[in-house]
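The values are calculated or read from the model by the stated rules, or taken from the named source; none is laboratory data. Predicted model, so just to flag it, every value in this text is computed and none were measured. Here the Cβ positions follow ideal geometry from the backbone for every residue, glycine too, while neighbour counts run over all protein chains shown. For the accessible areas, the whole protein counts, side chains as well, though only heavy atoms, and no ligand, DNA or RNA atoms are used. Shrake-Rupley method; radii C 1.70, N 1.55, O 1.52, S 1.80 Å.
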Amino acid sequence: GLLLAITLAYGLGAVKMIGQNVLIQQANAVESLSNVDVLCLDKTGTLTTNEINLERIYSLDIDEGELRSLLGDFAAATKVGNKTSDAIGLACPGTVRSLIAEVPFSSSRKWSAIAFNDTSKPGIYVLGAPEILTKNMDLNPEINEYIAAETNKGLRVVLFAYSPDIIAVKNWHSETNNQPTEVELPAHLIPLAVISLSDQLRPEAYETIQGFAKAGIEIKIISGDH
């Protein structure tokens, strides 16, 4: 009788949830769901649409028009783009300049770089996580506070920096499958801008999370971003 009662309870629970647009793939998931008190989620593609918007550009000792032109050239020239460079390119149109080397972004490095050697301000331009790039540059406390404030708003914050030392690309060793095998961040970077980007939330994300909160379920976000 107990086995029959359990099976019936599972079946009724599944039918009720189907009426609320919930797909039950296994019958015993009904019982599992009733005992959940912590739910762990990733962010990209789950709570967000995997689309990024450029919110703000904070210029550091450089004319904003020149800065936007450099950012646009950086985004236009990259051969291995990502959502961040797409958002920058959309907000800052640029021209495809001749490049001599490129370091694609990777989650292990947390930065990408392009080296230009043409007449229009040659050098190495780097875009990456503040905690990585600040190891090779000096930022005043006010800028660090600004970065912390933007991060605490839930924004994705990256630094844009420059090095005139074009010779440094010689230390970027041979590539395998278009990926540099050994690369080092240029030793002395000049900060150009702090860039704040936002992830587009799915329209139903807020309502869904509020529903979990009302049910007493704690949400934990597991993400590589701040």
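The listed residues are Ala75, Ala149, and the only one of them that is open to solvent by 40 Å² or more (accessible area, probe 1.4 Å), assigned to a helix (DSSP H, G or I), at pLDDT 90 or above and among the small types (Gly, Ala, Ser) turns out to be Ala149. As for segment 102-120, it holds at least one residue that is more than 24 Å from the chain's Cα centre (by Cα) and buried (at least 18 other Cβ atoms within 10 Å of the Cβ).
In segment 172-192 there is no residue matching the filter, namely being in contact with a Pro (Cβ under 7 Å, 6 or more places away or on another chain), under 21 Å from Ile88 (Cα atoms), among the β-branched types (Val, Ile, Thr) and modelled with pLDDT of 90 or more. Every test in (1) part of a loop (DSSP other than H, G, I, E, B); (2) touching a Pro at 6+ places or on another chain (Cβ under 8 Å) is passed by Thr46 save one, and that test is (2).
If you go through segment 136-146 and pick out every residue that is polar (S, T, N, Q), open to solvent by 50 Å² or more (accessible area, probe 1.4 Å) and outside any loop (DSSP other than H, G, I, E, B), you end up with 1.
Cβ-Cβ distances below 7 Å connect the following pairs, each with a first residue in segment 28-50 that is acidic (Asp, Glu) and modelled with pLDDT of 90 or more, a second residue that is assigned to a loop (DSSP other than H, G, I, E, B) and open to solvent by 50 Å² or more (accessible area, probe 1.4 Å), and a separation of six or more residues or different chains: Asp37/Gly216.
Considering segment 154-169, and only residues there that are open to solvent by 50 Å² or more (accessible area, probe 1.4 Å) and touching a residue at least 24 places away in the same chain (Cβ under 8 Å), the residue that is nearest to Lys83 (Cα to Cα) turns out to be Arg156.
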